[in-house]
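The values are calculated or read from the model by the stated rules, or taken from the named source; none is laboratory data. Treat the numbers as computed from the prediction; the structure is a model and nothing was measured. Using ideal geometry, Cβ is built from the backbone for each residue, glycine included, and neighbour counts are taken over all protein chains shown. All accessible areas refer to the heavy atoms of the entire protein, side chains included, with ligands and DNA or RNA removed. Shrake-Rupley method; radii C 1.70, N 1.55, O 1.52, S 1.80 Å.
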Amino acid sequence: MVDNASLLFSLAERTADLIKKHVNEGANILVIGHNDADALSSLGIVCGSLKIIDANFTCRSVARIEEFLESECGDYDLIIFVDLGSGYLSELKSKITNSKVVILDHHRPIDIPLPQDWVQVNPHLFGIDGMTDISASGVSYLVARHLHPDAVKYSAMAIVGALGDLQDKNGERRLKGLNEIIVKEAVDAGVVTTSEDLILYGRSFRGIHQALASTYSPFIPGLSGDEASCLSLIISCGIEIRNGDQWRRLIDLTEEEKKRLYNGIIGHLTTHKYPSSIASELLGTVYEINGEEAWTYTRDAREFATLLNSTGKTGKAWIGISLAMGVRGWVLEEANKLLEEYRRSIAKAISYATSQGALEQMHHIVILRGGTEIDPKQISSIASILSSSQLLPEDKPLVAIAQEGGLVKVSARASSKLVDLGLDLGEVLRKAAEIYGGKGGGHRIAAGAEIAADRLTLFLLEVDRLVGICMKEAGLPVQSTLDEE
Ligand code: C5P
Ligand code: C5P
């Protein structure tokens, strides 16, 4: 019997053949995707592979699907959507009349018939979970590896994209499902090396205290963003912080010193009455990209994902796409500057989001209003970091909002506990946004929406109500606006 993964692989291969046919006919191709790490990795994989086969293509990154829907379609023979499209098939069908379409996505597809010459490669169509088992960059890679044998180098970007979409958040901090197959392919091809270690940010080139303070996934209250506290913790663990005039790095520590550091972090968490389980998220598989220099952010796949996010979320997605395609030199230097800017801005936003009174409680959701403190382009990153902090109640999803002109950008995140109980945030946001003239969707655990500012209160009430219904169906005790209805 053919398994579901084989069916997906075979569709990916046939899609690559179709793309090659278009390329051989001299087609004018548009490749379009979102602006987060998974999307930029996907764009890099597809555009890099198209470049290898001398295709004629244009690449475009959009912050919101409306940017595409509201602009001219352009005179393209083929449009390839990456990390975008499956949730908006009706809109794309109405918009695109003259081009062939390929969708490489991992969002749950809307159930409508597609035009005959459109192709959708999506794990959900084969019963494979696109939230946990493979991301858009993984899907893009499954196609790209059939465009040219050299595209195997992009297996690294498939890993970067999956980690950018937090697909390692499964209690083990390692990629599983189809991602694991891609990791094996990358390791066998000598592209990536894996090891089990502490997961700190800047592990091979920053001082240990700097690496610990730069770690936001997981968010460690009292340490993330606070170099001085990290330094005193490391000293209190009896770990030498210098070797001559050089800071010691994580990779310089002995196994015994790493254990002491880990226990020191647990001690810090329990002393300050935070859950010690946060520390377990610091242990997992490290994915290193072999061709990259050890002192760069492109060496460790998780750090590469943050680098890509920093380009997309500071409005310079083209830098991220170039990096993902394999360009280095001054492009990498530019990206490093954006990363510094991004990190400063994230640190400021997190300090605001974790300050007293920043979170508002509704019956079934917690709201974070970005106000003037959070850049709307970064509200999604803040929502992800905050939801990994274990500072939020497990039984209420976070709905983070930031206004840009007359439009509000919404980023919502749920705990795994709520998802296991049946909550589908993507559906909740899609339905609530639809009622109030906006657009919403996404995964069960992470979803987003855009809504007119003057409909925001009604939209939030609807989200609260829909989450309440879900809680009630799951048999949870709900304090309720629902009962009053
Ligand atoms: O568009 P896309 O599916 O790539 O985006 C998913 C978003 O959800 C990413 O920004 C990712 O960081 C976030 N996410 C999250 N928590 C999870 C899974 C994904 O915040 N457990
Ligand atoms: O923007 P953010 O990272 O919060 O989005 C979370 C998830 O929701 C992503 O997978 C994104 O593609 C999806 N989303 C969507 N429709 C929107 C906004 C976000 O499907 N209007």
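Toward the positive end of the charge dipole of region 198-350, with +1 on the Cβ of Lys and Arg and -1 on the Cβ of Asp and Glu, the farthest Cα among ALA349, LEU339, LEU231 is that of ALA349. This model, with +1 at the C-beta of Lys and Arg and -1 at the C-beta of Asp and Glu, gives the chain a dipole about its Cα centre of some 540 debye.
For the chain, the equivalent ellipsoid derived from the alpha-carbon gyration tensor has semi-axes of 34, 30, 20 Å in decreasing order. For region 198-350, the per residue solvent-accessible surface stands at 41 Å², with DNA, RNA and ligands left out and a 1.4 Å probe. Taking a straight Cα-Cα cut-off under 22 Å and skipping sequence neighbours fewer than 8 places away in the same chain, the lysines within cross-link reach of LYS93 are LYS431, LYS439.
Put simply, the Cα atoms of region 248-404 extend 50, 47, 21 Å along their principal axes, the longest span coming first. Only protein heavy atoms count here; on that basis, with a 1.4 Å probe, PHE57 has an accessible area of about 50 Å². Gain on full extension, evaluated as 0.36 nm per residue between GLN403 and CYS73 minus their Cα-Cα distance, stands at 116.1 nm.
Applied to region 454-468, the Karplus parametrisation 6.51 cos²θ - 1.76 cosθ + 1.60 on θ = phi - 60° returns per-residue 3J(HN,Hα) values of 6, 10, 4, 4, 5, 4, 5, 4, 5, 4, 4, 5, 5, 5, x Hz, with x for Gly and Pro. Counting only heavy atoms of the protein chains and using a 1.4 Å probe, TYR436 has close to 40 Å² of accessible surface. Surface listing: TRP318, TRP330, TRP247 arranged by accessible area from highest to lowest gives TRP330, TRP318, TRP247, probe 1.4 Å. For region 419-433, backbone phi angles converted through the Karplus equation (6.51, -1.76, 1.60; θ = phi - 60°) give residue-by-residue couplings of 5, 5, 7, x, 6, 10, 4, x, 5, 4, 5, 4, 5, 5, 5 Hz, Gly and Pro being listed as x. Solvent-accessible surface of protein heavy atoms, probed at 1.4 angstrom with all chains present, puts THR457, THR314, THR354 in the order THR457, THR354, THR314, largest first.
How large, in percent, is the carbon and sulfur part of the accessible surface of region 341-439 at a probe radius of 1.4 Å?
Details: 1920 of 4160 Å².
Of the solvent-accessible surface of region 341-439, carbon and sulfur hold 46 percent.
Counting only helical runs of four or more DSSP H residues, what would the 222 nm mean residue ellipticity of the chain come to if each run contributes -39,500 (n - 2.57) and the total is spread over all its residues?
Values: 18 runs with 205 residues, N = 485.
Calculated at 222 nm, the ellipticity per residue is -13000 deg cm²/dmol.
Placing LEU18, LEU398 in order of accessible area, with the largest value first and a 1.4 Å probe, yields LEU18, LEU398. Across region 226-241, coupling constants 3J(HN,Hα) worked out from phi with the 6.51/-1.76/1.60 Karplus curve, θ = phi - 60°, read 10, 4, 5, 5, 5, 4, 5, 4, 5, 5, 5, 7, x, 9, 5, 8 Hz, and Gly and Pro carry x. Less than 5 angstrom separates the built amide H of THR58 from those of ILE29, LEU30, VAL31, all sequence-distant by 5 or more or on a different chain. Close amide-amide hydrogen proximity is noted between LEU283 and ILE199, each under 5 Å apart and 5 or more residues distant or on a separate chain (H modeled in the peptide plane; Pro and chain starts excluded). The accessible area of HIS124, taken with all protein chains in place and a 1.4 Å probe, comes to roughly 40 Å².
Amide H to amide H, with H built 1.01 Å from N, LEU421 comes under 5 Å of no residue 5 or more places away or on another chain.
Only Cα sites of region 391-478 enter the Debye sum here, all with the same form factor; the resulting log10 I(q)/I(0) across q = 0.14, 0.16 1/Å is -0.43, -0.56, listed in q order.
Which value in Å does the Kirkwood hydrodynamic radius of region 4-166 take, with 1/r averaged over all unlike C-alpha pairs and then inverted? After inverting the mean inverse Cα-Cα distance, the result is 15.3 Å.
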